[in-house]
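FYI, it's all coordinate maths here, none of it is from the lab. Since the structure is predicted, the reported quantities are computational estimates derived from the model, not experimental observations. Glycine gets a Cβ as well: all are built from the backbone with ideal geometry, and neighbour counts include every protein chain shown.
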Amino acid sequence: MSKTLKLNKLKEQYEFVVSEYVQKFCNKQEVSFEFWVADQIGGIACFGDILYFNFMDIVWDINSKQPKNQIIDWIYESVDNPEKSINYFSYSKGLRWSDLTER
């Protein structure tokens, strides 16, 4: 098999897996997938014209079986707290903005 065929096969497998994660996420969160920002499959995904998630946060949400809507709560709380940042992994482990101190 040529290198080009191997890369094409690998790309096809990658896009299939990404699509499966996105579909599971949509079903779990009851949202509709709209598009990938800049057409970068596996980058930042838009759901319902208003929610944007990094693919790795989607993977974490699914693989670690986070509660439904927790990732959406995190996004809205992030918008409400623009002066401080918490990543989704830390949020899912219990870190909240009230836990952060000023330096």
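Okay, here's what the table says:
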item	result
Verdict on Ser64 being under 24 Å from Ile86 (Cβ atoms), over 12 Å from the mean Cα position of the chain (by Cα), touching a residue at least 12 places away in the same chain (Cβ under 8 Å) and surrounded by fewer than 16 Cβ atoms within 10 Å (Cβ to Cβ)	yes
Members of the range 70-83 found to be in a loop (DSSP other than H, G, I, E, B) and surrounded by 12 or more Cβ atoms within 10 Å (Cβ to Cβ), listed by number	Asn81
Any chance Ile58 is of a type in the set (A, V, I, L, M, F, W, C), out of contact with any helix residue (DSSP H, G or I) (no Cβ under 8 Å at 6 or more places or on another chain) and over 16 Å from Ser90 (Cβ atoms)	no
Residue satisfying condition, being of a type in the set (Phe, Trp, Tyr) and either farther than 30 Å from Thr101 by Cα or part of a loop (DSSP other than H, G, I, E, B) (or both), within set Phe53, Phe25, Phe89	Phe25
Residue within the range 5-24 that is surrounded by 13 or more Cβ atoms within 10 Å (Cβ to Cβ), touching a residue at least 24 places away in the same chain (Cβ under 8 Å) and of a type in the set (Phe, Trp, Tyr) present	yes
Some residue of the range 36-54 being hydrophobic (A, V, I, L, M, F, W, C) and at positive phi	yes
